Amino acid sequence: MKNLSDEYVWKALKEGDLNAFSILYKTYYPRLYNYGLKISRKIHLTEDTLQDFFLYVYEHRENLSDLDTIAPYLFSSYRRHLIRALKKKSKIVSFDEMDVKIIDIQFSPEELITHQESETFKNKNITTLLNKLPKRQKEAIYLKYYSGLNTHDIANVMELNYQSAANTIHKAIKNLREEVSILQLINS
Amino acid sequence: MAKKNYDTIEDFLIDESFNNWVKATRLTDVDFWEEWIACNPHKKDLVFEAKDIVLGIQFMHIEPSSEKVDTTWSLLEDKIKAKTLEKSKKKSPNYFKLVGIAASILLLVSVGLYTFNKSPEKISYKTAYGEVLNLKLMDGSLVTLNSNSSIYYYENNNRKVWLTGEAFFEVDKKITTNAKFWVLTDDLNVEVYGTSFNVDTKHKKTAVFLEEGNIWLELKNGATQKMVPGNFISYSSVDSRIIERKEKVASRFKTSWKDGSIIFEKLPLVEAIQKIEDTYGLTAIFKDEDCKSKLITGGVPITNLSICLKAIEKSVNVKITKLKNQLIIQKK
């Protein structure tokens, strides 16, 4: 859903308003923190990179272009920021394949609400099935259903075109449905 | 309903009537789609795949607490201020100490904003207008208290709390003792084992929304009601009846206030403004009657009144002026 105040906060922030920046920070810190932790699996690294990142956003606020919504911008640039930090740490030079290799989101059973709306996802092995999905599909699922981004934003964050992002989500759900029905066949 | 071709997943996903069927929000759409599936058995797989995409997977949000975020924010704020000062080369360390002291006094004041009743066993908390308070009760349950609300309980029975105003509860399940948790209001009692739910007693009724788990309501007229996740029930003891009941409400509409925003979906402006009045203790005056029915959709922050009002002004194209405790709303 579109956040009516995003545009206003963004404008005030560009003028250097710390109050507006604190709203932006407090709104997005928790979600970005969880995303960072999912990617890096390290608490300290997540906290440090997130502070650096927000400082960067504030210091470079004048160069930022006007935005429809802030969320996709923050997710995609924090993702880049974090990947850069991870690369520096692991001293890997090759650039292109890194994202796919680094981002391998794992889900744990406690993270899933027991009362799932869909019959398919009520299956007790759903966490295992989720973790078996290809990395890109896992990230797309995470961004859509955990972070609440729409397909357009997910495409932006994952640096895909709209159609590939949509296909990635569809394939993930299709895979899960198939795996669940196989499990049901075995157990029946 | 217009007959269309549904060949790809996308055709279903962008179709409003399909979405209504999935979420069971409109009966005519439910009938239409049940018949459609019966007539198009070869597309059944596609339909259910699209349905799962819309329903999605529900995650628990495991994120840093607001206290933690506040702490990291003040660290960053100090860093930004220090950097700005460095740039302008007005180095004055004493000034900084003062800012630090002022900030810690402010922090103490805001932490101390709840009142701690010193009578031997009654423990109570109260919030001012515009303030939201996160509490941890003695038994480990978490309570988020909305603005202008209060809650109290007795030390010797800390799983029975009295509420005026609005609060969101995350009750710890006591597996060993199976002890119940109670929330009491003027209209009803909520009986809980371990779950998360929202209770709102504003405007002479009590509205309960259940996010997760199971709860029982004991209404003041003697009737009992079981609730399942997504249910919303509003009961008034003045009228002695249930005044509103919804089977499935998305959690964000009822509980977004605790994360500092209110989310509206096609809500008339007059009702949206009511929420702002409740939060800040203001009275709204509509200069133009037809402004009242303008529909508003989207989220607004409630932690900052001026930004909140600007967001509303912009989205429904009205002018809102704040005069003391009044909000004057008129056409632009």
From the option list A:Glu47, A:Glu59, single residue qualifying as more than 30 Å from B:Ile296 (Cβ to Cβ), among the acidic types (Asp, Glu), at pLDDT 85 or above and within 21 Å of the chain's Cα centre (by Cα) is A:Glu47
Checked pairs for segment B:312-324, first closer than 20 Å to B:Gly281 by Cβ, second acidic (Asp, Glu), C-beta under 8 Å and 6 or more apart or across chains, list as B:Ile320/B:Glu313
By residue number, the members of segment B:44-70 that are assigned to a helix (DSSP H, G or I), touching a helix residue (DSSP H, G or I) at 6+ places or on another chain (Cβ under 8 Å) and closer than 29 Å to B:Phe12 by Cα are B:Lys44, B:Leu46, B:Val47, B:Phe48, B:Glu49, B:Ala50, B:Lys51, B:Asp52, B:Ile53, B:Val54, B:Leu55
If we ask which residues in segment A:107-147 are at the interface with another protein chain (Cβ under 9 Å from one of its Cβ atoms), in contact (Cβ under 8 Å) with a residue 40 or more places away in the chain and either loosely packed, with under 15 Cβ neighbours inside 10 Å or among the aromatic types (Phe, Trp, Tyr) (or both), their number turns out to be 3
Given (1) closer than 20 Å to B:Asn134 by Cβ; (2) touching a Ser or Thr at 6+ places or on another chain (Cβ under 9 Å); (3) at pLDDT below 90, B:Trp216 misses just (1)
Taking segment B:259-312 and keeping residues within 12 Å of chain A (Cβ to nearest Cβ), in contact with a Pro (Cβ under 7 Å, 6 or more places away or on another chain) and outside any helix (DSSP H, G or I) leaves B:Gly260, B:Ser261
Checked segment B:287-306 for anything over 15 Å from B:Ala272 (Cα atoms) and in contact with a helix residue (DSSP H, G or I) (Cβ under 8 Å, 6 or more places away or on another chain); matches are B:Thr303, B:Asn304
Residue pairs within 6 Å by beta carbon, gap of at least six or interchain, first lying in segment A:24-48 and among the β-branched types (Val, Ile, Thr), second assigned to a helix (DSSP H, G or I), listed first then second, are A:Ile39/A:Leu82; A:Thr46/A:Gly36; A:Thr46/A:Leu37; A:Thr46/A:Ser40
Residue pairs within 6 Å by beta carbon, gap of at least six or interchain, first lying in segment B:145-167 and surrounded by fewer than 19 Cβ atoms within 10 Å (Cβ to Cβ), second part of a loop (DSSP other than H, G, I, E, B) and polar (S, T, N, Q), listed first then second, are B:Thr164/B:Thr201
Can you find a residue that is within 30 Å of B:Lys136 (Cα to Cα) and in contact (Cβ under 8 Å) with a residue 40 or more places away in the chain anywhere in segment B:55-66? yes
Subset of segment A:157-180, residues surrounded by fewer than 19 Cβ atoms within 10 Å (Cβ to Cβ) and away from chain B (no Cβ under 12 Å), comes to A:Glu159, A:Leu160, A:Asn161, A:Ser164
Scanning segment A:129-164 for residues that are of a type in the set (Gly, Ala, Ser) and either touching a Phe, Trp or Tyr at 6+ places or on another chain (Cβ under 9 Å) or within 18 Å of A:Arg80 (Cα to Cα) (or both) gives A:Ala140, A:Ser147, A:Ala155
Exactly one of B:Asp45, B:Asp70, B:Asp52 is within 9 Å of another protein chain (Cβ to nearest Cβ), more than 25 Å from A:Gln163 (Cβ to Cβ) and not β-branched (Val, Ile, Thr), and that residue is B:Asp70
Here the qualifying pairs (Cβ atoms under 9 Å; residues six or more apart or on different chains; first in segment B:250-277 and over 22 Å from B:Phe197 (Cα atoms); second assigned to a helix (DSSP H, G or I) and not β-branched (Val, Ile, Thr)) come out as B:Leu267/B:Lys275; B:Leu269/B:Cys291; B:Val270/B:Cys291
For A:Ile70, the lone unmet condition from (1) buried (at least 17 other Cβ atoms within 10 Å of the Cβ); (2) at pLDDT 90 or above is (2)
The strands (runs of 3 or more DSSP E) lying wholly within segment B:127-192 that contain at least 1 residues that are farther than 28 Å from B:Ile307 by Cβ and over 20 Å from the mean Cα position of the chain (by Cα) are B:150-154, B:157-164, B:181-184, B:188-192
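Conditions (1) part of a helix (DSSP H, G or I); (2) farther than 20 Å from B:Phe48 by Cβ, marked per residue:
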site	(1), (2)
A:Ser118	no, no
A:Thr128	yes, yes
A:Lys138	yes, yes
A:Leu143	yes, yes
A:Ile154	yes, yes
A:Ser164	yes, yes
A:Lys171	yes, no
A:Asn175	yes, no
A:Leu183	yes, no
Scanning segment B:193-213 for residues that are in a loop (DSSP other than H, G, I, E, B) and at pLDDT 90 or above gives B:Thr201, B:Lys205
Going through segment A:86-125 in order, the residues found to be modelled with pLDDT of 85 or more and within 17 Å of the chain's Cα centre (by Cα) are A:Leu86, A:Asp104, A:Ile105, A:Gln106, A:Phe107, A:Ser108, A:Glu111, A:Leu112
The one condition B:Lys275 fails out of (1) under 13 Å from the mean Cα position of the chain (by Cα); (2) of a type in the set (Lys, Arg); (3) modelled with pLDDT under 85 is (3)
Checked segment B:55-67 for anything small (Gly, Ala, Ser) and either more than 7 Å from every other protein chain (Cβ to nearest Cβ) or within 15 Å of B:Leu142 (Cα to Cα) (or both); matches are B:Ser65, B:Ser66
Note on segment B:14-30: residues exposed (fewer than 12 other Cβ atoms within 10 Å of the Cβ) and either away from chain A (no Cβ under 14 Å) or assigned to a helix (DSSP H, G or I) (or both) are B:Glu16, B:Leu27, B:Thr28
So, B:Asp78, is that one surrounded by 14 or more Cβ atoms within 10 Å (Cβ to Cβ) and within 12 Å of chain A (Cβ to nearest Cβ) or not? yes
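The values are calculated or read from the model by the stated rules, or taken from the named source; none is laboratory data. Remember, predicted model here, so these are calculated numbers, not experimental data. So basically every Cβ, Gly included, is an ideal-geometry build from the backbone, and we count neighbours across all protein chains shown.
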